[in-house]
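The values are calculated or read from the model by the stated rules, or taken from the named source; none is laboratory data. Here the structure is a predicted model, which means the values were calculated and not measured. Note: ideal-geometry Cβ built from the backbone for every residue, glycine included; neighbour counts use all protein chains shown.
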Amino acid sequence: MNSNENLIAKFYSAFAVADAKTMSECYHQKIYFVDPAFGPLKEEEVSIMWQMLIQKSKGNIKIEFSDIKADDFTGSAQWKATYNYSKTNRKVINKISAQFVFQDGLIIKHTDSFDIWKWSKQAFGITGYLLGWTGFFQNKINEQALLSLEKYQRSK
């Protein structure tokens, strides 16, 4: 493995043991993150998001990762999170494709992609099945995720 592949492995290994501090150390101070639930986040918001997700999981999250590939500039990985969604306590198995951009030996851009409709069916049951594919419902998921993050930030 090259150094950037090792960095990705370090990030997900830390996530697997709920070590948000080590995860944050893998990021450049100018980190830019985007995913279907939170949308775009930057800098300290990204690390706070991981802290919040780990704390909300109460140790009941399983992280698996594979297919790590990277060169000097970009990388990718596949990962899977298994957990109970905190708002409904429904089990979610989320399969995610991650893309990375590196700068100064750290991750400066992290993009997670997953099927938000598939996620919403698991997290919300019949409501997610019926509405999870709509832009309206996806916007509500995004609003709720950002509201949770904002509340978490204020509590720190």
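Check the stretch 132-141 and report whether any residue there is in a helix (DSSP H, G or I) and within 20 Å of residue 46 (Cβ to Cβ). Scanning the stretch 132-141 turns up at least one residue that is in a helix (DSSP H, G or I) and within 20 Å of residue 46 (Cβ to Cβ). Among the residues of the stretch 39-85, those that are closer than 26 Å to residue 139 by Cα and among the acidic types (Asp, Glu) comprise 43, 44, 45.
Evaluated against (1) surrounded by 15 or more Cβ atoms within 10 Å (Cβ to Cβ); (2) among the aliphatic types (A, V, I, L, M); (3) in a helix (DSSP H, G or I), residue 147 falls short on exactly one condition, (1). Does residue 62 satisfy being on the phi < 0 side of the Ramachandran plot, of a type in the set (Lys, Arg), within 12 Å of the chain's Cα centre (by Cα) and surrounded by fewer than 19 Cβ atoms within 10 Å (Cβ to Cβ)? So residue 62 fails the test. Could you tell me whether any residue of the stretch 137-144 is within 15 Å of the chain's Cα centre (by Cα), surrounded by 14 or more Cβ atoms within 10 Å (Cβ to Cβ) and free of Cβ contacts under 8 Å to residues at least 40 places away in the same chain? No, the stretch 137-144 contains no residue that is within 15 Å of the chain's Cα centre (by Cα), surrounded by 14 or more Cβ atoms within 10 Å (Cβ to Cβ) and free of Cβ contacts under 8 Å to residues at least 40 places away in the same chain.
Each residue in the stretch 104-129 was checked for being under 21 Å from residue 15 (Cα atoms), in contact with a strand residue (DSSP E or B) (Cβ under 7 Å, 6 or more places away or on another chain) and not hydrophobic (A, V, I, L, M, F, W, C), and 5 of them qualify.
Screening residue 91 with (1) free of Cβ contacts under 8 Å to residues at least 24 places away in the same chain; (2) basic (Lys, Arg); (3) under 19 Å from residue 18 (Cβ atoms) gives one miss only, at (1). Is it true that some residue in the stretch 48-60 is touching a Leu at 6+ places or on another chain (Cβ under 7 Å) and among the β-branched types (Val, Ile, Thr)? Yes, the stretch 48-60 contains a residue that is touching a Leu at 6+ places or on another chain (Cβ under 7 Å) and among the β-branched types (Val, Ile, Thr).
One residue stands out in the stretch 53-70 among those that are modelled with pLDDT of 95 or more and out of contact with any Lys or Arg (no Cβ under 7 Å at 6 or more places or on another chain): the one that is farthest from residue 2 (Cα to Cα), namely 62.
The residues in the stretch 121-136 that are under 18 Å from residue 39 (Cα atoms), of a type in the set (A, V, I, L, M, F, W, C) and either exposed (fewer than 12 other Cβ atoms within 10 Å of the Cβ) or touching a Leu at 6+ places or on another chain (Cβ under 8 Å) (or both) can be counted, and the count is 1. Filtered by the rule that a residue be part of a helix (DSSP H, G or I) and surrounded by 20 or more Cβ atoms within 10 Å (Cβ to Cβ), the stretch 94-120 gives 116, 119, 120.
I'd like to check which strands (runs of 3 or more DSSP E) are fully inside the stretch 1-81 and have at least 3 residues that are of a type in the set (A, V, I, L, M).
Fully inside the stretch 1-81 and qualifying: 61-70.
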